Amino acid sequence: MAQMTFLQAINQTLDQQMEKDASVVVFGEDAGFEGGVFRVTAGLQKKYGEDRVFDTPIAEAAIIGSAVGMAINGLKPVAEIQFSGFMFPGYNQIAMHLARFRNRSRGKYNLPVVIRMPMGGGVRALEHHSESLETLFAHIPGLKLVVPSTPYDAKGLLTAAIKDPDPVIFFEPKKIYRAGKQEVPEEEYTVEIGKAKIVQKGDDLTIVSWGAVLRDLQKALANYKTDKSIELIDLRTIAPMDSAAVIDSVKKTGRLLVISEQVQSFNVASELMARVNEEAFEYLEAPPQRLNGFDITVPLPKGEHHHAIDEKKMHHAITKILGYKI
Amino acid sequence: MSIVDRFDPLKKKMFQVLDQEGNIVSKDDVPEIDDKTLLEMYRVMQLARIADIKALQYQRQGRMLTFAPVQGQEAAQIGPMAALKKTDWLSPAFREMAAFLYHGVTLEQTYLYWYGNEFGSRFDDGVHVLPVNVPIGSQISHAAGLAYAAKIQKKDQVALTYIGDGGTSHGEFHEGMNFAAVYNAPMITIVQNNQYAISTPRHKQTKSETIAQKAIAYGIPGVQVDGNDVLAMYAVVKEARERAIKGEGPTLIEAYTYRLGPHTTSDDPTIYRKDEEVEEWKKKDPIIRFRNYLINKKLWTDKKEEKLVQELTDLVGETFKKVEQSQAPTVDEVFDYTYETLPPYLAKQKEAYKAFLKESEEN
């Protein structure tokens, strides 16, 4: 096993899948020759040639739309959108076609397409480079959306995404691209899409998170003094959401806190809290809570800390829900 | 005959007034510009250059955030801005610091934006410049709308917009161009063809021989111009403005130029282009060319140059100091511009956050 960063794990997975499966193609703006602005696809064009690894013109709609055509005609496209904030022109193709072809053609055309997108904040970036747009994809029937938080899961989930017969949006929290290494097996393996992971077992509170925030949350929990025990769940897949794992946990702990860097209204936590209310209401010892960004445009770097989920905010939210008495 | 009639983009004819050394190549095409304006054009070109070099240094010292350097493209921005009226609109992309400075944005505002503060996008009243536009291609239709509004309100006003060579690949480029052309909107589009879109070379963006020839499909004039020749850029925009005001619609101008610096400070251009290529383009530096012209015209001397550079260097240093001392956005500021009136749920979020901050301070 090798020690890898999140970024290296993705690069190695693309390499492995391209080697095993000649139908896998990789493309995007600057994704070919340069290997992407983050170097996620570095070295692939040299190894697999310009037909299979290529730079596209700046045209997100054409990137997604051509992936639809390629998938119908025998390829497995793994397209890169440079930053999730720039996917909007491509959203037309995602919502109108990518998510619908299976249903529209009554199962004749399924689309094994993966769209990779760096996402999330915390890197002091310019406008449109810091958003967490999970809801926009999770709200579209027919799409899957995954957000790994570790190098191991990045490889396993990306392998599963490439093998998946349906379109998968693959979010890469850019803040953790190079944040620490982990043992990642060389050989192929998958992490099942749609399965959450219990990161830490506990009996008094269930905290659900994913992506880069989950990594910060683990540090915050290590620094949090309490005699209560906390169960931490990494959601890993946003759609289809493993609400069963969360509901089972809440039935045990009676308390739910969902932490993310999304804006608040209509976010992933809203849906998770609704499902818990529907299926575990009688087990609740406190109203389900969420800690997330505010309903504002993500501020530019000098104001980004207001929106970011830091340790203080996490501790405050945990203390509040643990202290709640009916 | 007009410039656009003489320089056919299909024949790869590029319009030029000054050669690389600053000598006049086409006497009849030298635009009439008074000395005061010529010197102001030069001053702002130098200001942009110095501000750009300093910003790069500040960024490398960790004092400035990511920014998009303009070095090498000053002529493609100052020429056009000098040919506009101050009441004309500028709908920029994100590499137009020189154009901003000439058209009324202050250096402090420009720096504040790249320092990561939204107030760097709030320009003074009467300044007709839209904020930095990050999503590629989306500014063209804004310009089409500005121009359409000018037309039906019978204003003596045009809208000028900038985009890069890579931006012309974008669907929205086509949509905006076509819209403006259909309605004869007084719009001027300048494509700064600086040869690369981040790492991707121009030939991977379009199979067209020139970008200017794309105008033909929209039914409007298109012309390729030496983008490092400030007088050529001035002349072609002056003419495009006259056509636009007469109701003859948009013009597409390809400014053939080069980005001497990285795409942004996050980019390493040595991965995708050779030093020799950059060195070749340094010989075509638009500022050196214009300075030679001014010296030949007896408007400029080495002494004046030395004085100006010192003056601008001091100004840039002082301005950045001010920016570094600027206040970070307050809680009210990050919430209050979301709507004219903060809805109750959002007001509640703000108040809860303020209470949290107060509590954290006390503990």
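Laboratory data are not the source of any read-out in this text; all were calculated from the coordinates shown. None of these values were measured; they are calculated from a predicted model. In this analysis, Cβ positions are derived from the backbone assuming ideal geometry, glycine residues included, and neighbour counts consider all displayed protein chains.
Of note:
- The Cα center of segment B:251-319 and the Cα center of segment A:146-169 differ in position by 46 Å.
- Near A:ASP234, once Lys and Arg are set to +1 and Asp and Glu to -1 for all other residues with Cβ below 9 Å from its Cβ, the sum equals +1.
- Rounded to the nearest 20, the size of the Cβ-charge dipole of chain B about its Cα centre is 680 debye, with Lys and Arg at +1 and Asp and Glu at -1.
- Cut-off under 5 Å, modelled amide H: who pairs with A:ILE238 long-range: A:LEU145, A:VAL146, A:VAL147
- Candidates per trypsin sites (Lys or Arg not before Pro) in segment B:240-271, loop by DSSP, up to 16 other Cβ within 10 Å: B:LYS246
- Vicinal HN-Hα couplings computed from phi for segment A:309-326 (Karplus, 6.51 cos²θ - 1.76 cosθ + 1.60; Hz; Gly/Pro x): 9, 9, 4, 4, 5, 5, 4, 4, 5, 5, 4, 4, 6, 5, x, 5, 10, 6
- Ranked B:THR37, A:THR297, A:THR150, criterion: other C-beta atoms within 10 Å, fewest first: B:THR37, A:THR297, A:THR150
- Alpha-carbon Rg/Rh ratio, for the protein assembly as shown, with Rh computed the Kirkwood way: 1.00
- Mean separation of Cα contacts under 8 Å, 6 or more apart, over the residue count of chain A: relative contact order %: 16 percent
- DSSP-loop GluC sites (Glu not before Pro) across segment A:31-65, with at most 14 other Cβ within 10 angstrom: A:GLU50
- Fraction in percent of alpha-carbon pairs per bin - 5 Å, segment B:111-223: 2, 11, 20, 21, 18, 14, 9, 5, 1
- For B:PRO186, the shell of other residues with beta-carbons less than 15 Å away shows a net charge of +3, using +1 for Lys and Arg and -1 for Asp and Glu.
- Of B:LEU260, B:LEU299, B:LEU107, the one that fluctuates the most in a GNM where chain B has Cα springs shorter than 10 Å: B:LEU299
- Under the Karplus curve 6.51 cos²θ - 1.76 cosθ + 1.60, θ = phi - 60°, whole-Hz ³J(HN,Hα) for segment B:36-47, x wherever Gly or Pro sits: 4, 5, 4, 6, 5, 4, 5, 4, 6, 4, 5, 4
- Under 5 Å, built H, 5+ apart or other chain: amide partners of B:VAL25: B:LEU18, B:ASP19
- Sum of -39500 (n - 2.57) over DSSP H runs of 4+, divided by residues of the protein assembly as shown (222 nm, nearest 500): -12500 deg cm²/dmol
- The residues packed around A:GLU271, meaning those with a beta-carbon under 11 Å from its beta-carbon, carry a net charge of 0 if Lys and Arg are +1 and Asp and Glu are -1.
- For A:VAL24, nonlocal amide neighbours, meaning residues 5 or more places apart or on other chains whose placed amide H falls under 5 Å from its own, are A:LYS76.
- Coil-residue chymotrypsin sites (Phe, Trp or Tyr not before Pro) of segment A:197-297, DSSP, other Cβ within 10 Å capped at 14: A:PHE266
- When each of A:LYS175/A:LYS225; B:LYS151/B:LYS204; A:LYS302/B:LYS86; A:LYS195/A:LYS313; B:LYS27/B:LYS283 is checked by Cα-Cα distance, pairs over 29 Å: B:LYS151/B:LYS204; A:LYS302/B:LYS86
- Inter-centroid distance (Cα atoms) of segment B:1-35 relative to segment A:94-137, Å: 47 Å
- Using the Karplus relation 6.51 cos²θ - 1.76 cosθ + 1.60 with θ = phi - 60°, the per-residue 3J(HN,Hα) values for segment A:287-300 come to x, x, 10, 9, 10, 7, x, 8, 7, 9, 5, 4, x, 4 Hz, with x marking Gly and Pro.
- Those aspartates and glutamates that a straight Cα-Cα span of less than 17 Å connects to B:LYS304, excepting residues fewer than 8 apart in one chain: B:ASP35, B:GLU40, B:ASP314
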